[in-house]
Each structure stands twice: as C-alpha cells, then as structure tokens.
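A short write-up of the structure that comes next.
The values are calculated or read from the model by the stated rules, or taken from the named source; none is laboratory data. Predicted model only: the values in this text are computed from it and were never measured. Here the Cβ positions follow ideal geometry from the backbone for every residue, glycine too, while neighbour counts run over all protein chains shown. Side chains are part of the model used for accessible areas, which takes the heavy atoms of the whole protein and leaves out ligands, DNA and RNA. Shrake-Rupley method; radii C 1.70, N 1.55, O 1.52, S 1.80 Å.
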Amino acid sequence: MILSESDTLERGPYLQLGTPREITVRWRTQAFTESRVLFGTNPAGLDRVATDPEPVADHEVVLDGLEPDTR
C-alpha cells in the first residue's frame, strides 16, 4: 500500500479472506484515491503490485498468485 503525503489513513491496513494462494488487503483513507499495494517475498525489493484505479475511500485489493507458507 502506498499513501501520498496528502492522504490520511483512517483505518487499517488489515487482512481478510485469506486462502493459501490469495489474501485481501483493506484500508480506508480520508480522500478518494486509487488503490495500490506493493508486495513480494523480499522486503527490500517488493517486485509485485496489485492495483485498482477506481478512486475510493474504502480500499480493497486482492493479492493473488501467492505461495503457501511464505512471508
């Protein structure tokens, strides 16, 4: 998840609906913005991105293609 300096996080982020291969990330911002989450197995080089370009305040992004038992 990436917030610009003008965004204020109201709630979250938190995880929902996890399966071995996907999970939903949710959060709420004050302003309506697109949703974008960077993720990967190396915290120093997050190489995957999940987005939803629709401007919303209640964000919900599904991270899929995950490998079971990894961080």
Check your understanding: Under a point-charge model restricted to the Cβ atoms of Lys and Arg (+1) and Asp and Glu (-1), what is the dipole moment magnitude of the chain relative to its Cα centre, in debye to the nearest 20?
Key -> 200 debye
Study note, to complete from the structure: For the chain, dividing by residue count, accessible area per residue (probe 1.4 Å) in Å² works out to 71 Å²
Exercise for review: Go from 0 up to the bin containing the longest alpha carbon distance in segment 20-61, width 10 Å each, and give me the % of pairs per bin.
Suggested key: 27, 49, 24, 1
Check your understanding: Which distance in nm do the two modelled labels at Gln30 and Leu17 give, with both placed 7 Å along the Cα-to-Cβ direction?
Key -> 2.9 nm
Review point. At a 1.4 Å probe, what is the % contribution of carbon and sulfur to the accessible area of the chain?
Key: 49 percent
Check your understanding: For the peptides 57-66, 11-20, what is the packing order when you average, over each peptide's residues, the other Cβ atoms within 10 Å and list the highest mean first?
Key -> 57-66, 11-20
**Study point:** Equivalent ellipsoid semi-axes, the chain, via Cα gyration tensor eigenvalues times 5, rooted, Å
**Key:** 22, 13, 10
Check your understanding: With the contact rule set at Cα under 8 Å and sequence spacing of 6 or more, what percent relative contact order holds for segment 30-70?
Key -> 41 percent
